[in-house]
Amino acid sequence: MTKVPDPHDANMKLINEAESERDFLAKVVQLFTLQGWLVYHVLETYHPAKRIGPGFPDLVLLQEYPNRVRLIFAELKSEKGDCSPEQAKWLLALNRLPSTYVEVYVWRPSNWEEIIKIAQGGRA
């Protein structure tokens, strides 16, 4: 298993504060991929005529365990980024699904320690 960066490292905290949403996304995708999750990144096209499903969360993450499956929908934001009304609508709807089957998160770089724990099979 690949060593995950220490979230308590002072240099890591400085990086987190200035991290772009795109860089943060790449780091989260890498983490979950290295931990054996199936990872689907929802690519949005910004041409209005081609945009499908505005507001759908950035990541769909799936991990199979011997006796269960874990499904996560995650919206990633920079430290100061806000969810759009469309994103909020999706997140609220997904949160209505039974939590034994589905987990829904909005993650920011400051959540890195929690994200590592979840990727390694723990709970938030």
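The values are calculated or read from the model by the stated rules, or taken from the named source; none is laboratory data. Just so you know, these numbers come straight off a predicted model, no measurement behind them. Backbone-built Cβ (ideal geometry, glycine too); neighbour counts: all protein chains shown.
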How many residues does region 79-104 hold that are at pLDDT below 95, of a type in the set (Val, Ile, Thr) and surrounded by 13 or more Cβ atoms within 10 Å (Cβ to Cβ)?
-> 1
Among Glu21, Glu75, Glu114, which is the only one that is modelled with pLDDT under 95 and surrounded by 12 or more Cβ atoms within 10 Å (Cβ to Cβ)?
-> Glu21
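For region 55-72, give me each residue that is among the β-branched types (Val, Ile, Thr) and either in a loop (DSSP other than H, G, I, E, B) or modelled with pLDDT of 95 or more (or both). Spell out how you get there, then give the answer.
So the first thing to find is which residues in region 55-72 are among the β-branched types (Val, Ile, Thr), and the list is 60, 69, 72.
Once the filter is applied, which keeps residues that are among the β-branched types (Val, Ile, Thr) and either in a loop (DSSP other than H, G, I, E, B) or modelled with pLDDT of 95 or more (or both), region 55-72 yields Val60, Ile72.
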